[in-house]
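*Asks:* What follows is a structure written as structure tokens; I'll ask about it next.
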Amino acid sequence: GAISPFLEPGNRTNANSLAIVHLSRDNLMPVILQDSKGEVDGYAEGSVINTRFGSFPHTTLINQPWGAQVRASIVDTGSRGRKKKEQDQEAAVEDSEGAGSATTPGQATPKGPETASSGFIHILPPTPEVWTTSLPHRTQVVYTPDYSYILHRIRARPGMRIIEAGAGSGSFTHASVRAVYSGYPKADDDARGKVYSFEFNEDRFHKMEAEVEAHGLTDLVKVSHRDVYNNGFLVDGKSPEAECVFLDLPAPWKALPHLSRSKPAGAEQDAPWVSPLRSDRTVHLCSFSPCIEQVTKTVEVMRQLGWMQIEMVEVSHKRVNVMRERVGLDMPTDRGSNLSPYDVGEAIQRLREVESKSKEFHERTQVAENGDADVDMDDASEAHKSNGTPAKGANESKVPVTSSAKPYMMGRLIHRTEPEIKTHTSYLVFAVMPQEWTEEQEAAAFAQWPCGQ
Ligand code: SAM
């Protein structure tokens, strides 16, 4: 199958592949970039992403270096349906006037009364972290602070096989496939990391399957439509040979008997028993439950089934904002002068709007010593090569910058901690199922014993 941009993103964005449009820290938009050139939805440019920062035809986002800043191309509805050629001509005129975009040469950055001033976005490679914050929610999901700790505790490493149930919205699935990824499987190559995911809700199962396919993960994630309480964890009758298990189920204790090494009590005596666990390794499991009643029930059944080192942990997540505190900034924003870095993008956009309309504002900001340092550092450093002279063409956006636009001049470095711990997510119950020892293994281990017999 296709190679997943989650695992091997390469250096640039690709057509028909997932990318994340970064509007702001808390506003990320997953997009499969379409290279269709024909008219789509009335736009001559093909598919277009419309945001409050302007509109971005997919074609302007394809083959960009990951992390690139891309300026809006279309801003007003007047450009709908216009022929691409006309737009290119317009772009050429804009460029010759120095009004084009610094980061996407040749792109139109229309101005004038019908085409309001535009902003920009950044285009990021998909990672489990950004996917978790931008994915379509079908259920409650596991968030990064929890899954990073869980994957560490269940010792998910490249080459391992992990069982997860239920798949839900696939947040944990994406994090776990990266953890166990050890390259794409070649023919007859079974010793690769893989995720065995189980979901009993039919609609969610189909959505998961489609997502796994769209994300190039079909070789590495096997999604099964299954009620694991009643039907366990085998895939096509075979054992996944899992070393790691993650359960995010309403009643995990009902699934636990299927995760034994030997036939669970109460199972049909004649039916053959195959354990989904790898027998020659210790198995590490985590069960994720929001209520303490679920935890006590799970722990009770774990004890009966021979799980060991049972322990419960809760991750209490607090966000710490690190920022530069700006004092006495003469900036026309309605938020006062203490801008956090997250307001900077907005401030820049605002600056650009005001600047294009007001000559007076332009003059004032050019004479300011430090107050105009509030531009993104990319622009500032690009525009200010070692001698402090703006590099030709490097900053065509006309955002006023001075040679003093250095990070340490952007204010005192401070941090603010969120006053409250984030609300409770879930309790994490960890447990270990020791390796099974055969007599041969015992003998072999004894023969290697450093003290000899
Ligand atoms: N861990 C997921 C994520 O990060 O996106 C969220 C899982 S969601 C909270 C729980 C899922 O378990 C639901 O999608 C539900 O349909 C599924 N489920 C419930 N009972 C199940 C069962 N007996 N077998 C398989 N899946 C089940």
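*Asks:* Label region 157-308 by shape, choosing from rounded, prolate and oblate, from the square roots a ≥ b ≥ c of the eigenvalues of the Cα gyration tensor; if a/c is under 1.5 it is rounded, and otherwise prolate applies when a/b is larger than b/c, oblate when it is not.
*Replies:* Prolate, because a/c is 1.5 or more and a/b exceeds b/c.
*Asks:* If I model a spin label as a point 7 Å beyond the Cα along the Cα-Cβ vector, how far apart are those points for Gln140 and Leu413 in nm?
*Replies:* Reported label-point gap for Gln140 and Leu413 is 3.8 nm.
*Asks:* Which of the peptides 232-238, 147-153 is most tightly packed, and how do the rest follow, going by the mean number of other Cβ atoms within 10 Å of each residue? Mind dumping the intermediate values first?
*Replies:* Details: 232-238: 14.0, 147-153: 19.1.
Going from most to least packed, we get 147-153, 232-238.
*Asks:* Counting other Cβ atoms within 10 Å, which GluC sites (Glu not before Pro) in region 221-271 have at most 13 and lie in a DSSP loop?
*Replies:* Hits after loop and neighbour filter: Glu268.
*Asks:* Could you pull out which residues in region 247-274 have an amide N less than 19 Å from a spot 7 Å beyond the Cα of Asp203, following the Cα-Cβ vector?
*Replies:* Backbone N within reach: 250.
*Asks:* Output the peptides 203-215, 303-315 sorted from most to least packed, where packing is the average of other Cβ atoms within 10 Å over each peptide's residues.
*Replies:* Numbers: 203-215: 18.0, 303-315: 14.3.
Order by mean packing, descending: 203-215, 303-315.
Laboratory data are not the source of any read-out in this text; all were calculated from the coordinates shown. The model shown is predicted, which means the values in this text are computed figures rather than measured ones. Counting neighbours? That spans all protein chains shown, and the Cβs are built from the backbone with ideal geometry, glycine included.
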